[in-house]
Every structure is written in C-alpha cells, then in structure tokens.
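Report on the structure given below.
Coordinate-derived values only; no laboratory data. Predicted, not measured: the structure shown is a model, and the values here were computed from it. Because the Cβ atoms are built from the backbone with ideal geometry, glycine has one as well, and the counts that use them run over all protein chains shown.
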Amino acid sequence: MIAYIDCYSGASGDMLLGALVDAGLSVPELQAALDKLGLPGLRITAQKVAKGPVQATQVNIDPGPEPQLSRHLPDIQNLIRQAGFSAQVTDHSLAIFQALGEAEAAIHGVSIEEIHFHEVGAADAIADIVGFAFGLEQIGITQLYASPLPLGTGSVKSSHGPLPLPAPATLALLAKAGAPTIPARENGIELVTPTGAAILATLATFRQPALVLQRIGYGAGRKEMPWPNVLRLWLGQQAEYPQPISSREEEGHHLVLETNIDDMNPQLYGALMERLFAAGALDVAYSPLQMKKNRPGTLVTVIARAADEAPLAQLLLRETTTLGVRAYTVRRWEAQRRMEQVETPYGQVPLKLKILEGQVIAATPEYDVCKSLADAVAVPVRDVIEAAIFAGQKRMEAQQREK
C-alpha cells in the first residue's frame, strides 16, 4: 500500500499520527507499542473533532508525571533500541531523530552528541515519531509521498525564547530534503513543526503519486483556523496506468535554469550553491566555458521544480553578475529512496536506499556521518564507508531470507 500526505494545513507529529488512527490504526495496539519505550504514565487517546465542516481524529498524548525533559540523542536512541520494535520501526524512528539531531547541530554549531532535544525530546514528541513509524508498519504502508508544505513568517515561542518562523530546525530539515514549499494563507502561525518536518523529510518523497484511492484518514490540528485545520492521508495501491501529464507542474516535469557567467569572483560560487539548495533547487552544477572575447567562464545549471522557478531565477539574478537566466522544461525520472540506519564498528551510519519496482538496488552511506565517525577515531573515511556498505548488504540479505 502507498500513502500520500496532503498537507493542506501544514504538518505536525500529532496531525500525522491522528491521520493514521483515522485511517484504521488501532489505539490499543499503538498504546501497547508505546509502552515498550518505558516512559512511565505515557497514555494516548483519540477522539473525533469537528474542524469547520470536516470531521477529523485528534490524538492526545499525556506524557504522565514526566516533566518536559530535554534529552541527548543517545538517550533517545537507547530508548528506541531497547524497546524491541521491528527493524523497520526501529530504523525509521532512529533515522528521524538522526535527521533532527543533524539539523539542530548545524544550527547551533555544535556536534550532534552535544545537542539537547527540548520540545522534541519530550515524551509526547517521542511518542509522535515512534507512533508514526509503528503506524506505517501496522497499516502496511510501504511508500510514503507528501504534498508541498505551507510556510509563513512571524515568530514562535520555544525553550530558546522567540524563534523566527519557520523554526530554524524545520527550515533546515526541509532544505536538506529539497522539500517543495508554498506560502501560508496567514503569517504568524506555525503550520509545519520540527517534528512534522523531520518525519516527512526523512520518510516521504515530495510528489503526488498515481494511485487507486481506497480510503482517507483525517488528522486534526490543535489550533482553530479560518479554514479546516486538518491533514489528509490518502491510502491506496500504485496505479498501473501512467499518470496524465497536462502541464510542467505535473509529476515528472521539472525546470532547468541556466546562465553563463564570465566576470564573477570565483569565491562567490560556493555561497551561491548553498543558497540555491536552500531555496529549493534539486541539483546545482558548474561547468567550464570559453566565452566571447575568449574569456573563461562558468555555466551555472540548476534543476528545480516548476513551482520554484521564480524565486530561484530571482536568486540567480540577485546573487550573481548575470543579466539573464534561461529556463526550459525537462522530464525527470526518479528512483524511490528510503533511509535506514546500520550499525558499524565505528558507530551508526544512515544508508540511502535506492529502490526500483519495490527492490533495493543500491545503498549509499551518508558521507558527512562517515567523515565525522572517521575523524573521531582517526581512521580513513573509506574504512567507515566500506563498513557501512557491508552492514547494509548483511541487512538486505537478512530481509530477503525473512521473505
């Protein structure tokens, strides 16, 4: 079964979990699974609520007597590993927290081991993430897709004091995943939380699939909005017919933005690439050119979603010396991807799995994590990469035997 998450009013951990419950996830089974975490007094309930004219399921998580604890990443990893979940639930949960940790570490300029999870380290946030991973498995969802995410401006309260919207962790997670965004209907409202962003950035592919629709789950947000504050989960089977393509906005169509530059300081290209990716570029490449008047130059090529054409073109015009940007439509075929964690003698490494027709055909370790582990124990990065690939092969062989 595949699922498409329609983030009509954003995404948060409780909205995502509520949509799964609305689609058939058993609350008693969910409670039994969360009990394995050993968080005393943690209780989950669900109820139908009206969000405007729409009925949706609101999940309520009572953390029990626990205060709003802040936890380090290893603390949360130990909770999850010791709970005895299936390999899929464990891997998905660990991958989400790994992504959160990397985003927070980059923002604060510290190592991932030093990060204190405040809001997302509390029992209710852990329950949202682990509960969602458990729900995917229980319902039988093997592929997850998501719509563009509505982001606005303003500020939000946090344990660090006021923070700009979108929250820095949310923005970092979505930028790394290349997630498409759209302007929010109103500013000053946090529609996409760090927990929601981490779940989708880690597990979802941001496009609408062709599917035979079977049922829908509605997850309720807590705030009252001028519109129905709900998230919709579409469940069905992969359609065996090709999806009609009617415009460049449809699935499979992307844009290429290009410009030739022969008069810009080479030091500026590094910052330009970072800003293009942060603005939604799917890929950025630089190629050498020989231009008019026999000047050496650089061809800047950006692959992007059609919805991101204007902001990326404006960024190129603003950040470079070019006077014009070319844009044309291309088709892009994409393999499915999924992140899994593997254990190596040097520590945990996330693997990016490449999937075609339901089969894993390649597994690539995350280089930055491998480099960090290699630096910590003074071994060649190659050794960590090879250990991660070997662990991934063993994992896939074990999964094939289980089938």
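Worth pointing out:
- Of all lysines in the structure, those lying under 16 Å Cα to Cα from residue 157, and not within fewer than 8 positions of it along the same chain, are 223.
- Under the convention that each Lys and Arg Cβ holds +1 and each Asp and Glu Cβ holds -1, the size of the dipole of the range 2-238 around its Cα centre is about 600 debye.
- Farthest positive-ward along the range 336-402 dipole, Cα basis, beta-carbon charges - from 367, 387, 339: 339
- With Cα atoms, 0 to 90° folded angle of helix 381-402 axis to the chain main axis: 50 degrees
- Charging the Cβ of each Asp and Glu at -1 and of each Lys and Arg at +1, and nothing else, the dipole of the chain about its Cα centre rounds to 800 debye.
- Among 356, 174, 317, 282, the ranking by other beta carbons within 10 Å of each residue's beta carbon, starting with the fewest, stands as 356, 317, 282, 174.
- Estimated inter-spin distance, residue 307 and residue 329, nm [label 7 Å along Cα→Cβ]: 1.7 nm
- Simple spin-label estimate for residue 227 and residue 337 gives 2.8 nm between the two label positions (7 Å along the Cα-to-Cβ direction from each Cα).
- Volume per residue for the range 317-369 equals 137 cubic angstrom (convex hull of Cα atoms).
- Checked against a 20 Å cut-off, the cross-linked pairs 176/352; 36/394; 176/354 give Cα-Cα distances beyond that limit for 36/394.
- Our helix-only sum for the chain, with -39,500 (n - 2.57) per DSSP H run of n ≥ 4 divided by its residues, gives a mean residue ellipticity at 222 nm of -11000 deg cm²/dmol.
- According to the Cα-based calculation, Rg over Rh for the range 2-238 is 0.93, with Rh computed by the Kirkwood formula.
- Within the range 322-387, chymotrypsin sites (Phe, Trp or Tyr not before Pro) in DSSP loop having at most 16 other beta-carbon neighbours inside 10 Å: 333
- Considering every alpha-carbon pair of the range 253-331, the percent of pairs per 10 Å bin, from zero through the bin containing the longest distance, is 19, 56, 22, 3.
- Cβ-to-Cβ counts within 10 Å put 61, 139, 96 in ascending order as 139, 61, 96, the fewest first.
- Folded to 0 to 90 degrees: helix 309-319 orientation relative to the chain principal axis, Cα: 60 degrees
- Rounded Å value of the spacing that divides the Cα centres of the range 121-137 and the range 361-395: 27 Å
- Straightening the chain between residue 274 and residue 1 buys 94.7 nm, computed as 0.36 nm per residue apart minus the Cα-Cα spacing.
- Residue exposure sequence - 85, 97 - by fewest surrounding Cβ within 10 Å: 85, 97
- Label-to-label distance, residue 356 versus residue 32, with points set 7 angstrom from Cα along the beta-carbon direction: 4.1 nm.
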